[in-house]
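Reading through the structure tokens given below for one structure.
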Amino acid sequence: MDDGRPIFLQIAELLENSILDGSLIEDTQVPSTNELAAFHRINPATAAKGVNQLVDDGTLYKKRGIGMFVAPGARERLRGRRREEFARQYVQPLLAEARKLGIDPTELKKMIDTWEERR
Amino acid sequence: MNTIVTVTDLAKRYRGVTALDGVSFSLTENRIYGLLGRNGAGKTTLMQLLTAQNMATSGDIAVFGEHPYENDRVLARTCFVKESQTYPQSMRVGHALRAARLLHPNWDQRFADSLLEEFQLPPQRMVKKLSRGMLSALGVIIGLASRAPLTFFDEPYLGLDAVARQLFYDHLLADFAEHPRTVILSTHLIDEVSDLIEHVLLIDHGRLLLDQDTDDLRGDVVTVSGPVAAVHEITVGRTELHGNLLGGTARVTVRGRLTEAERVQARALGLTVETVSLQELVVRLTTGAGKTEPTAKEYAL
């Protein structure tokens, strides 16, 4: 765990990423807080805080006595939310860097197309 | 969550030396605390007072709701692993563990045995023949296997190598998850434990400087670098802890978390934002005379 954000947020985001990339599908059980704590070598209370945030926003649901599961429709909802963040997190800095290098938007679009073709 | 330790306006003065002054805080059940501070800051004194190994000059201490002095009900639930524990000359490792077993009602012998094996400590070895690191390992084993509801580790790993320290951290976390208890970990290896401790108590010159959740402190001090004007735009209005200038580039360390919007803005301005680690934060706060440093309350503002 690093970067400056609270660890519980990073734990929540890691689980979100697993849901987004399809490695945790709907109605499957997510790792327990103790498993997360042991794996990431963090305090179990911190891991629990991250998991609980996802329960609160409806991404996960609790089965009493069993554990936490991915909520139906969670992936779609996460995708919608992440798309909104995408522009701010990636497009804005991309444009700023391009401006600094004197790359105009037309040229930038061409670069994106070229890279997409190479993929 | 229950409060299990309450300390009110605690002071300890030795002849002409003030070891602790005006210290107040409380500890919540089943959390791992980091007790941080420089050498001579008052950490060990505080732990001695909480475990009835020393008398306070003034102030109040309540542990499990009672005064700890000569109090079996409190001390049976407390384990204090000291930095340099001395053992009777003729004692073997097995004797030390048996003594600990008698004193701690929650003692788990199977756990102690498996730890002995993992730390490669021979039970027949005389304690006085143990190396510095092995002696530390013995303390760590006693602290973990005691499963005391209130466990203090005072710099428990003098001489322990990195592998053994990681072994200690992993066992602490795993056993804490299975058997929650309150742990106070006093250490200088802040970077190693910053992900383990839920709450930080920072002591400097006998005063409590920080009493805050570790996650709240993460990212609370950042270093912003890039073009002077842009750096100023982001850091203006924040307390500057450190700053320098090279040509048109500035590098400024400030207190105060950046919002997500500010981070995005900083990136758009071409700035680099680095998070200052807990260890660096502690260094920044405890270097200097200490007198000009804010107290925990002022800091929280």
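The values are calculated or read from the model by the stated rules, or taken from the named source; none is laboratory data. On a predicted model such as this, the values are computed, not experimentally measured, just so you know. Note: ideal-geometry Cβ built from the backbone for every residue, glycine included; neighbour counts use all protein chains shown.
Quick check on the range B:69-78. Is at least one of its residues within 18 Å of the chain's Cα centre (by Cα) and either on the phi > 0 side of the Ramachandran plot or assigned by TED's automatic domain parsing to the domain that holds B:R147 (or both)? Yes, the range B:69-78 contains at least one residue that is within 18 Å of the chain's Cα centre (by Cα) and either on the phi > 0 side of the Ramachandran plot or assigned by TED's automatic domain parsing to the domain that holds B:R147 (or both). For the range A:70-100, give me each residue that is free of Cβ contacts under 8 Å to residues at least 12 places away in the same chain and in contact with a Gly (Cβ under 9 Å, 6 or more places away or on another chain). Correct list: A:P93, A:A96, A:E97, A:K100. Is it true that some residue in the range B:13-24 is within 14 Å of chain A (Cβ to nearest Cβ), part of a strand (DSSP E or B) and either surrounded by fewer than 17 Cβ atoms within 10 Å (Cβ to Cβ) or without any contact (Cβ under 8 Å) to a residue 40 or more places away in the chain (or both)? Checked against the condition, which is being within 14 Å of chain A (Cβ to nearest Cβ), part of a strand (DSSP E or B) and either surrounded by fewer than 17 Cβ atoms within 10 Å (Cβ to Cβ) or without any contact (Cβ under 8 Å) to a residue 40 or more places away in the chain (or both), the range B:13-24 yields no hits at all.
Applying the criterion of being in a helix (DSSP H, G or I) and buried (at least 18 other Cβ atoms within 10 Å of the Cβ) to the residues of the range A:11-32, the residue that is nearest to the other protein chains (Cβ to nearest Cβ) is A:I11. For the structure I just gave you, tell me whether B:D161 is assigned by TED's automatic domain parsing to the domain that holds B:L27, farther than 14 Å from B:C79 by Cβ and more than 15 Å from the chain's Cα centre (by Cα). So B:D161 fits the description; yes.
If we keep just the residues of the range A:40-50 that are within 23 Å of B:F168 (Cα to Cα) and under 18 Å from the mean Cα position of the chain (by Cα), which is surrounded by the most Cβ atoms within 10 Å (Cβ to Cβ)?
A:T46
So which residues in the range B:216-237 are assigned to a loop (DSSP other than H, G, I, E, B) and within 14 Å of chain A (Cβ to nearest Cβ), if there are any at all? B:R218, B:G219, B:D220 - these are the residues of the range B:216-237 that are assigned to a loop (DSSP other than H, G, I, E, B) and within 14 Å of chain A (Cβ to nearest Cβ).
Taking the range A:34-119 and the helices (runs of 4 or more DSSP H) fully enclosed by it, the elements with 1 or more residues that are modelled with pLDDT under 90 are at A:74-86, A:92-100, A:105-118. Name the single residue, out of those in the range B:1-12 being among the hydrophobic types (A, V, I, L, M, F, W, C) and in a strand (DSSP E or B), that is surrounded by the most Cβ atoms within 10 Å (Cβ to Cβ). The selected residue is B:L10.
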